[in-house]
Amino acid sequence: MAVLDATPDKLDLLIAAQGAKTGPDWLEALRAAGRDGFRALGLPTPRQEDWRNLRLNALYGQSFAAADAAAPRLTWAHLQPILPKGLDCDRIAMVNGVFSDDLSAVGELPDGVVVAGLSQALATAPDRVHAVLGQVARGDRDGFAALNQAALADGAAVLVPRGVELARPVHLLHHALAPRMPVVAQPRIVIDLADNARATVIEHWRGLAGETAFVNATVEIRLGRGAKLTLIRLQTSGEKGFHIDRLASSVAGDAELDMIQIDLGGRLSRHTLDVALEGRGAAATLDGLFAIGAEQQTDTRSNVEHRARDCRLSQTWKGVAGGRARGIFNGRVHVLPGAIGTDAEMSSRNLLASREAEILPKPELEIHADEVKCAHGATVGAISEQELFYLRSRGLDAAEGRRILTRAFAEEIVDRLPFEAFREQVSGWVDRHMAQTVLTETVAKEATA
C-alpha cells in the first residue's frame, strides 16, 4: 500500500502499479522520462492555478495498492448490463488498467488495422506503436501525466492506416475493481488514424459502487490529414471512485475530432483536454455534460490551440449540480500567430439543482492573430420556479417536475450520441443518476418542508 499525497517520495509503488518494466529501450526511456518528470513536478496542489478549484484533499491521504495485487475476476455476465446496446462493435476490455483477453472481442478487421490491448500492440506492431506513443501526450504537463508515463505498461491501441474506415465502432471498456482494498490503475490509450482514415471509438470508464479505485489515465490521439474520429467518452465510476485523465490530441489539416463526453460518476473526477489544431482546415467539436450530486466533484479543463489557418472549434459544455456537489469547467481557446481565419465558439451553460451546489465556469480566449471570429459565454442558473409551477399546475408533483426540467436541460448533449439504441441506453443512465443522486437531497428536503 502507498499513501497518495502531494509529495513524490512515497510513490514508487504507484509508479510500479502495473508492474511491467520490460520492453524495448525506447519504451524504458519513455518511462524514465516520466519518472524524472514526476519527481520534478510532484502531484498538483491547490496552489497551482490549473488545480485551484478542485479539492484534491478528497484524494490525497488515501492509501492505494498496486492494481494487480487485488487479482480481480470479472466475467461477461458482469458486463452485460453496461455493454452498448444494439451495437455490433469490436471491444477491448481493460480491468484495472490491464488488457483482458477473456473480456475482449475483436472481429475481422481491414488489412493493417490494429485494435488490441496496448501490451498486445507493443508485441505485434512495436514500430507502429513507437511512432505514436509519447509523441502527442507529454509526461511533463503535470504530476499525474508524469505518473502515468512512468507506469506505462498496458491499456488499449487503435491504429488505422491511410484511407481505411472502420465499419464497426470500437468499444474501449475500462473497469476498475477494488473488492478488497483501494487500488490504483494507470492505463494508456493510443488512437492513431492515418490520412483520410475514419473511426468511431467509445471509451467507457466505470467502477463499482462502494469500491475505492483511483484511475489515472492518459489518452493519446493523432489524426492524419483528412481523418475523422468520432469519440464518445463515458465516466460512470462508483461513488467512492477517483478518476483523472488527460486527453492529448493532434489534429492535422482538414481532419476532425468530434467528441461527446458524459460525466456522471466518481467522488472526484478531472478531465484535461488538450487539442492541437495543427493544419489548415482542422476542426474540433467538443461537447460535454456533467451531472453530479451529493459530495461529488468534477473538473474539466480544455485547452484548444489553433496553430494554423482556417481551423474551427465548436464547444458546448453543460453542467447540472445538486446536493453539495462542485462542478468546474475551464475552457481556453488559444489562437497562435498566423492562425488567420480561426472560427471558434465556446459556451458553458449550467444548472444548479440545489442551493448548496457550486458550478464554476471559466471560458477564456487568448488571441494572437487577426481576421479571426471567436466567441464565448457562460451561464449559471437555477431551475425555473415558474416552469416548475407550470408543470405542477398540470398535475405533476415537484419531484417529477424537477426531473423533467433537468432532463430537458441535459437532452441537447445526450441527443448528440450516435446509434439510437445506445443513445437510449445512456439516456436511461443519465435519468437514473439524476433521480438517485443529483436531485435526491433537494426532493427529500421539499418532501419534509
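The values are calculated or read from the model by the stated rules, or taken from the named source; none is laboratory data. Note that the coordinates shown come from a computational prediction; the quantities given were computed from them, not determined experimentally. Here the Cβ positions follow ideal geometry from the backbone for every residue, glycine too, while neighbour counts run over all protein chains shown. Protein only, heavy atoms only, side chains kept; ligands, DNA and RNA dropped before computing areas. Shrake-Rupley method; radii C 1.70, N 1.55, O 1.52, S 1.80 Å.
General observations
- Residue 185 vs. criteria more than 25 Å from residue 138 (Cβ to Cβ) and not hydroxyl-bearing (Ser, Thr, Tyr): no
- Residue that is nearest to residue 98 (Cα to Cα), among those in region 119-135 that are of a type in the set (A, V, I, L, M, F, W, C) and over 24 Å from the mean Cα position of the chain (by Cα): 123
- Tally, over region 350-381, of residues that are outside any loop (DSSP other than H, G, I, E, B) and open to solvent by 80 Å² or more (accessible area, probe 1.4 Å): 3
- Any hit, region 49-56, residues being in contact (Cβ under 8 Å) with a residue 60 or more places away in the chain, under 24 Å from residue 271 (Cβ atoms), open to solvent by 20 Å² or more (accessible area, probe 1.4 Å) and basic (Lys, Arg): yes
- Filtering region 306-343 to residues that are open to solvent by 20 Å² or more (accessible area, probe 1.4 Å) and among the small types (Gly, Ala, Ser) leaves 314, 338, 341.
- Listing of helices (runs of 4 or more DSSP H) fully contained in region 382-443 that carry 3 or more residues being farther than 28 Å from residue 89 by Cα and open to solvent by 20 Å² or more (accessible area, probe 1.4 Å): 385-393, 398-414
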